[in-house]
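Heads up, the thing below is written out as structure tokens.
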Amino acid sequence: MPTSPQAQNVQKIQELLAESLTAFESGLELPTLPANKPEELKAGKVRVVLEATHASEVRNIQARVEALGGRVEAVYDNLVQAFVPIKSVNALAGMGSVSWVRTPLVPVWEQGSTVSEGVRVIGANLWHEAGIKGQGVKVAIVDGGFKGYQRLLGSELPPADRVIVRSFNRDEDIEADERHGTAVAEIVYDLVPEATFYLVNFDTDVELGRAIDFLISEGVQIINTSFNFFGTGCPWEGTGLIEPIVKKARDAGIFWAVSVGNHGTEHWQGIFDDPNKNGFHNFLGDDEGLTLDVDADEVGAVIAVLSWEDKCGKATENYELLLFDDADRRRASGSQLRAGWPSRVLVFTVRDSGRYHLKIRQRTATRPTAKLDVSVIDIEPEYSVFEGSVGAFEPAISPSAFSVGATDFRTDAARRYSSRGPTKDGRIKPDFAAPDGVRNTTFRQFFGTSASSPHVAGAAALVKSVRPNWGPKEIADFLASRAIDRGDDGPDNTYGAGRIALGEPLKEEKPAEVTIGAFPEKLKFVAQANGPAPVPQLLEIANLGAGELVWTAQAQTDSVKLSAAQGVGRALIQVSLDIAGLAAGTYESAITITAENAQNSPLTIPVEIQITEGTPVGELLSLFFSKVEFVTPAAWARSERSSDGCLVYTNNSAEAQRIRVTLADGSTVSEYDVPASKAVTACGDILYVDLR
Ligand SMILES: [Ca+2]
Ligand SMILES: [Ca+2]
Ligand SMILES: [Ca+2]
């Protein structure tokens, strides 16, 4: 790096950006910078992200940007996206509160009405016939642009009153001259025509963070993203620079479906190998160039990402990613996104079609060999490896999102271009497979995992509309249980759990209803013929469901008397027996509890009446009482039951002990002999006497 008067802060500036500063000062050709237009750079302005040491420093940084003639476009957490004079970048990097200056991160759109054939393929039509159409669910399509969406409202998209549109782009242009989002939204609409839609666009990582915060605050439950950031992943650790945003949505209970990527054949992975010891990796034999045939009319730029197994932020190894033309002239080199990040991102604007060669050079190595991973966007390299082609793409590798591979909607076969797992840390990706190539008014036929992912988002929204309490994991488990296994037996790295199929519609769970409860479930009276009436017993009536219980109670025989015949909500009623005229023998009676609005009405409580010739024994009595006397207090042990605070008196003597109970009416006094080790329990105004 040539020294310049301002270069003292260069260690806090992303390599690619630092090169631009030098090129600008020297009047050289400026490199291609993500999220920057060439004419903006020519005019001496650059769009950067200033990473603050802490979110509380954002205000100071904002003021400094403006003082230096720049403009803040968006703020998210500790990130400030600003459009500033190129000359001010060094001064901004010099601020103590700025830890890193970089270009914004931008994604690739994984693109390859009429109703999508996917609706029938995955069986959503059966759910629609059962009346399940996504009602009550908020689903967001987060994308680059929604060109032409307005003329589809009410036909291929929901009517305007169920569509919330919000742009997080710096120019607030929801269309952004991009139809991709519109095509994706069309597919979701085919699956959940009665859901509420959020159409949200963005261009950079900072804008995406703001968009997701907005969707969380709106209570959105399903998100679809048919894009991926390249080279932001820290794949061997299962995380990345975008992961905190995705995890925040997951923690808020959002089911996030993402296209796994269309990079199945645009990938190479292997172990660094340099038999001729010149520092350059040998791909095959003496071939050190991963050859690319580039058509300048088809691709505007060569975009390639190298990552290697290492610690993110504290990389000990160092590799370069270099691009050479066919005359072996070096044309571009990959740069770091962050200090100490084990990856290189190379962006080279192509003016001439022809052959180019990617080379990997080892600069620092504490280990002789390292696992390497290379993805090239939209160009199939000379040597390609399906396995692991999910690469370092985010959120495709995210453990917080569900990624979706593409199958041909006619055959269920995986598309060659659909990215494969596993992730570098050994997890299966994609999570699901779903059809693409489907009909669409926006794209006629819509190919790519971009078209597959919204089928899963829509299926998840259908499930959510009948199971509003299910979180992302429950929804995913259900979808996996219904998915059709393809490829290798069980979950695999091409189809995930299988091709999405919804199967039989889930029955809507009825809202909780009034349910009559009664305790005990049956009553038994034992009395001596022509003797005294047995003590009255208590019957508790309660609502075991929701809503209000309005009950009536009736005894089936005249001998059974109830203290109340109707009531609202919980009640204790006293059941007494009139034994006049009952000869010795066993009689069956019952109490019927009725509630017009209860799902289990009427409820019958059997009452068994046993009239004996001699003295009856063996009852558990429940009495409304006002006083209990223990004739021999020393025979009793007292304790308090922690579960309900009732007082329990246990007969600790070896023989029966007499108690004297004054009933709640204040005049009736009865005596009972409680057997050894049995208890008398006082709960409020109820006394339980165990005579069994
Ligand atoms: Ca070599
Ligand atoms: Ca080659
Ligand atoms: Ca399988």
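Kindly evaluate Arg344 against the criterion of being in the same structural domain as Phe272 (by TED's automatic domain parsing) and within 24 Å of Lys277 (Cβ to Cβ).
Numbers: in the same structural domain as Phe272 (by TED's automatic domain parsing): yes; within 24 Å of Lys277 (Cβ to Cβ): yes.
It is true that Arg344 is in the same structural domain as Phe272 (by TED's automatic domain parsing) and within 24 Å of Lys277 (Cβ to Cβ).
Going through region 230-263 one residue at a time, which ones are buried (at least 24 other Cβ atoms within 10 Å of the Cβ) and either within 16 Å of ligand 3 (Cβ to nearest atom) or aromatic (Phe, Trp, Tyr) (or both)? If the condition is that a residue be buried (at least 24 other Cβ atoms within 10 Å of the Cβ) and either within 16 Å of ligand 3 (Cβ to nearest atom) or aromatic (Phe, Trp, Tyr) (or both), then Phe230, Phe255, Trp256, Val260 are the ones that fit. Would you mind stating whether Glu540 is under 28 Å from Gln599 (Cβ atoms), more than 16 Å from ligand 3 (Cβ to nearest atom) and either in the same structural domain as Thr423 (by TED's automatic domain parsing) or over 42 Å from the mean Cα position of the chain (by Cα) (or both)? The answer is yes for Glu540. The residues of region 427-455 that are within 18 Å of Ala480 (Cβ to Cβ) and part of a loop (DSSP other than H, G, I, E, B), listed by number, are Arg427, Ile428, Lys429, Pro430, Asp431. Would you call Arg638 over 25 Å from Lys524 (Cα atoms), of a type outside the set (A, V, I, L, M) and not assigned by TED's automatic domain parsing to the domain that holds Ala527? Yes, satisfied.
Would you mind stating whether Ala553 is open to solvent by less than 80 Å² (accessible area, probe 1.4 Å), modelled with pLDDT of 95 or more and in contact with a strand residue (DSSP E or B) (Cβ under 6 Å, 6 or more places away or on another chain)?
Here the answer is yes, as Ala553 does meet what is asked.
Could you tell me whether region 207-214 includes any residue that is within 23 Å of Ala434 (Cα to Cα) and open to solvent by 10 Å² or more (accessible area, probe 1.4 Å)? No, because not a single residue in region 207-214 is within 23 Å of Ala434 (Cα to Cα) and open to solvent by 10 Å² or more (accessible area, probe 1.4 Å). Among the candidates Phe519, Phe525, the residue that is open to solvent by 40 Å² or more (accessible area, probe 1.4 Å) and among the hydrophobic types (A, V, I, L, M, F, W, C) is uniquely Phe519. Of the strands (runs of 3 or more DSSP E) lying entirely inside region 493-573, those containing at least 1 residues that are of a type in the set (Lys, Arg) and within 23 Å of Ala682 (Cα to Cα) span 523-528.
Pairs meeting the criteria (first residue in region 460-489 and in the same structural domain as Ile132 (by TED's automatic domain parsing) and within 16 Å of ligand 2 (Cβ to nearest atom), second residue at pLDDT below 95 and open to solvent by 20 Å² or more (accessible area, probe 1.4 Å), beta carbons under 9 Å, at least 6 apart or on different chains) are lacking. For region 239-251, the criterion of a residue being of a type in the set (S, T, N, Q) and farther than 30 Å from Phe214 by Cα is satisfied by no position. Kindly evaluate Ser450 against the criterion of being within 20 Å of the chain's Cα centre (by Cα), closer than 18 Å to Thr225 by Cβ and not charged (D, E, K, R). Spelling it out, Ser450 is indeed within 20 Å of the chain's Cα centre (by Cα), closer than 18 Å to Thr225 by Cβ and not charged (D, E, K, R).
Each residue in region 371-414 was checked for being in a loop (DSSP other than H, G, I, E, B) and either among the charged types (D, E, K, R) or more than 16 Å from ligand 1 (Cβ to nearest atom) (or both), and 28 of them qualify. With the structure loaded, tell me whether Ala413 is among the small types (Gly, Ala, Ser), surrounded by fewer than 17 Cβ atoms within 10 Å (Cβ to Cβ) and over 20 Å from Gly238 (Cα atoms) or whether it fails that test. The answer is yes for Ala413. Being within 16 Å of ligand 3 (Cβ to nearest atom), outside the structural domain of Gly684 (by TED's automatic domain parsing) and touching a Leu at 6+ places or on another chain (Cβ under 9 Å) is true of Ile500.
The set of residues from region 185-204 being open to solvent by 10 Å² or more (accessible area, probe 1.4 Å) and either outside the structural domain of Ser400 (by TED's automatic domain parsing) or within 20 Å of the chain's Cα centre (by Cα) (or both) comprises just one member, Thr196.
Only residues that are among the aliphatic types (A, V, I, L, M) and farther than 30 Å from Tyr672 by Cβ were counted across region 489-546, and they come to 10. Only one of the listed residues (Glu309, Glu317) is under 40 Å from the mean Cα position of the chain (by Cα), closer than 20 Å to Ser389 by Cβ and away from ligand 3 (no atom under 16 Å from the Cβ). That residue is Glu309.
Which condition from (1) assigned to a helix (DSSP H, G or I); (2) assigned by TED's automatic domain parsing to the domain that holds Trp470 is the one that Asp161 breaks? Of the numbered conditions (1) assigned to a helix (DSSP H, G or I); (2) assigned by TED's automatic domain parsing to the domain that holds Trp470, the odd one out for Asp161 is (2). Tell me, which residue of region 78-102 that is touching a strand residue (DSSP E or B) at 6+ places or on another chain (Cβ under 6 Å) and in a loop (DSSP other than H, G, I, E, B) is least open to solvent (accessible area, probe 1.4 Å)? Among them, the one singled out is Ser97. For first residues located in region 640-661 and assigned to a loop (DSSP other than H, G, I, E, B), partners that are of a type in the set (Val, Ile, Thr) and lie 6+ apart or on another chain with Cβ distances below 7 Å form the pairs Arg641/Val648; Cys646/Thr681; Ala656/Val674. Taking the listed residues Ser4, Ser26, Ser20, Ser56, the one that is of a type in the set (S, T, N, Q) and at pLDDT 90 or above is Ser56, with no other qualifying. When Phe478 is tested against (1) within 23 Å of the chain's Cα centre (by Cα); (2) within 14 Å of ligand 3 (Cβ to nearest atom), exactly one condition is not met: (2).
In this structure, does Pro536 turn out to be surrounded by 20 or more Cβ atoms within 10 Å (Cβ to Cβ) and away from ligand 2 (no atom under 16 Å from the Cβ)? Here the answer is yes, as Pro536 does meet what is asked. In region 612-629 there is at least one residue that is assigned to a strand (DSSP E or B), over 16 Å from Val526 (Cα atoms) and under 57 Å from the mean Cα position of the chain (by Cα). The set of residues in region 391-408 that are open to solvent by less than 10 Å² (accessible area, probe 1.4 Å) and of a type outside the set (S, T, N, Q) comprises Gly391, Ala392, Phe393, Glu394, Pro395, Ala396, Ile397, Ala401, Val404, Gly405, Ala406. Just give me the residues in region 267-293 being open to solvent by less than 20 Å² (accessible area, probe 1.4 Å), within 16 Å of ligand 2 (Cβ to nearest atom) and assigned to a loop (DSSP other than H, G, I, E, B), in sequence order. Once the filter is applied, which keeps residues that are open to solvent by less than 20 Å² (accessible area, probe 1.4 Å), within 16 Å of ligand 2 (Cβ to nearest atom) and assigned to a loop (DSSP other than H, G, I, E, B), region 267-293 yields His281, Asn282, Gly289.
The values are calculated or read from the model by the stated rules, or taken from the named source; none is laboratory data. Everything numeric in this text was worked out from a predicted model, so none of it was measured. As a convention, Cβ positions derive from the backbone with ideal geometry for all residues, glycine included, and neighbour counts pool all protein chains shown. Heavy atoms of the whole protein, side chains included, go into the accessibility calculation; ligands, DNA and RNA do not. Shrake-Rupley method; radii C 1.70, N 1.55, O 1.52, S 1.80 Å.
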